[in-house]
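Engineer: Attaching a single structure in structure tokens format; questions to follow.
The values are calculated or read from the model by the stated rules, or taken from the named source; none is laboratory data. Since we're looking at a predicted model, the values are computed, not measured. Note: ideal-geometry Cβ built from the backbone for every residue, glycine included; neighbour counts use all protein chains shown. Keep in mind that these areas ignore ligands, DNA and RNA; they rest on the heavy atoms of the full protein, side chains included. Shrake-Rupley method; radii C 1.70, N 1.55, O 1.52, S 1.80 Å.
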Amino acid sequence: MTADTWTDGAGRGVWKQRAKQARAVVDVELRKMLGGKRALAVCLLAALPVFVVFLLAVNVHALTLMDARETFGTIYSVVVLGATVFFGCALVFTHLFRGEVLRRSLHFYLLAPLRREVLTLAKYAAGLLAVCTLFGGVTILVHPMFIVTATQGDWVVLEMFRYLGITLLGCTAYGAVFLLFGTLFRNPILPVAVLLGWEMLNFLLPAGIRMASVSYHLKSLLPVPGPVEQAMGVPAELPSPGVAIMSLLILSAVAVVLACLRVRRMEIRYTED
């Protein structure tokens, strides 16, 4: 056996070990999420769009196709993206590390023979799996429930998958940002509130600054403009779908990398919390 063969075998063994550790962390984190008190709040947020659509779907048969699509676009933009995805991701991802500190259990992870980058990525993957499954499922449920009562056709399925993709991108980007918040701040409530104001008032900002927003890129992907865009007119400087998707993925990657670097230098001082 040559030295290169030995090195390659050892390298593969290391990556297999890290993948095994990551899977174990994901399993543990998913059990915590399902059994934690925050699970109820996240489930209530997920039920909010279903409740709103159920109430409005009673009268949707009286709407034209265009009105039905615009109404659902408003529901999706305000309720699904603005409330469910934003606050749901805030509840889940800011708590991934902050919750461990409050429970005084983070040291168990940090003292284990586990690279902190692997720990951070595994926690992010667990949170992403949970919110994408829950909020993606809600998107698949509410779109046909609302639109099919007004019309039918193959385009309904295609549009549903487009909304689903936007939901998954929103979970990915907001999840990464809130993961970073949870590692940087003792109390993430204020940063979350600042980000909420930034996202809500983004349409008032200059075009160059407006690009530094998750909602700006998400709304450029909507099949139907949101209520603000409908009222003010769709801005001409909206990015193309390809640019918007790439921007959200880059933002997510940068936020996760910064979170990994923060966790790598993290020291436990429970007495300060």
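Engineer: So what J values fall out for the stretch 174-179 if you push phi through Karplus, 6.51 cos²θ - 1.76 cosθ + 1.60 with θ = phi - 60°, rounded to Hz, Gly and Pro as x?
Structural biologist: Using θ = phi - 60°, the values come out as 5, x, 5, 5, 6, 4 Hz.
Engineer: When you take every Cα atom in the stretch 62-182, what is the radius of gyration, and what is Dmax, the widest Cα pair distance, in Å?
Structural biologist: Radius of gyration, then largest Cα-Cα span, for the stretch 62-182: 18.2, 62 Å.
Engineer: Can I ask one more? Could you please put LYS16, LYS37 in sequence from largest to smallest accessible area, using a 1.4 Å probe?
Structural biologist: Largest accessible area first, the residues go LYS37, LYS16.
Engineer: Let me know the shape class of the stretch 36-268, please: from the alpha-carbon gyration tensor, a ≥ b ≥ c as square roots of the eigenvalues, rounded when a/c is under 1.5, otherwise prolate if a/b is greater than b/c, or oblate.
Structural biologist: In terms of gyration-tensor shape, prolate.
Engineer: Rank LEU141, PRO239, LEU184 by how far each Cα sits towards the positive end of the charge dipole of the stretch 36-268 (+1 on Lys, Arg Cβ; -1 on Asp, Glu Cβ) and give me just the farthest.
Structural biologist: LEU184
Engineer: Also: Tell me the per residue accessible area of the stretch 36-268 using a 1.4 Å probe; a whole number in Å² is fine.
Structural biologist: Ligands and nucleic acids excluded, the figure is 47 Å² per residue.
Engineer: Same structure again: Given a cut-off of under 8 Å on Cα pairs at least six residues apart, what relative contact order in percent is computed for the stretch 36-268?
Structural biologist: Answer for the stretch 36-268 is 29 percent.
Engineer: Which lysines, on any chain, are close to LYS37 with Cα under 20 Å apart, when same-chain ones fewer than 8 places away are left out?
Structural biologist: Result set, ordered by chain and number: LYS123.
Engineer: Quick check for me: using +1 on Lys/Arg Cβ and -1 on Asp/Glu Cβ, what's the dipole size of the stretch 36-268 about its Cα centre, in debye to the nearest 20?
Structural biologist: 1160 debye
Engineer: So, counting K/R as plus one and D/E as minus one, what does the shell of residues with Cβ under 10 Å around THR120 add up to?
Structural biologist: Charge balance near THR120 sits at +4.
Engineer: Keeping the other protein chains in place, figure out the carbon and sulfur percent of the accessible area of the stretch 36-268, with a 1.4 Å probe.
Structural biologist: Of the solvent-accessible surface of the stretch 36-268, carbon and sulfur hold 73 percent.
Engineer: Using only the Cα atoms of the stretch 83-147, build the gyration tensor, take square roots of its eigenvalues as a ≥ b ≥ c, and label the shape rounded, prolate or oblate: rounded if a/c is under 1.5, else prolate if a/b is larger than b/c, else oblate. Provide the component values of the computation, followed by the final result.
Structural biologist: Numbers: a/c = 4.61, a/b = 2.50, b/c = 1.85.
Prolate.
Engineer: Additional query: Once fully extended, how much extra length lies between ALA47 and LEU201, figured as 0.36 nm per residue of separation less the alpha-carbon to alpha-carbon distance?
Structural biologist: Details: separation 154, 0.36 × 154 = 55.44 nm, distance 2.58 nm.
Working it through step by step, the gained length comes to 52.9 nm.
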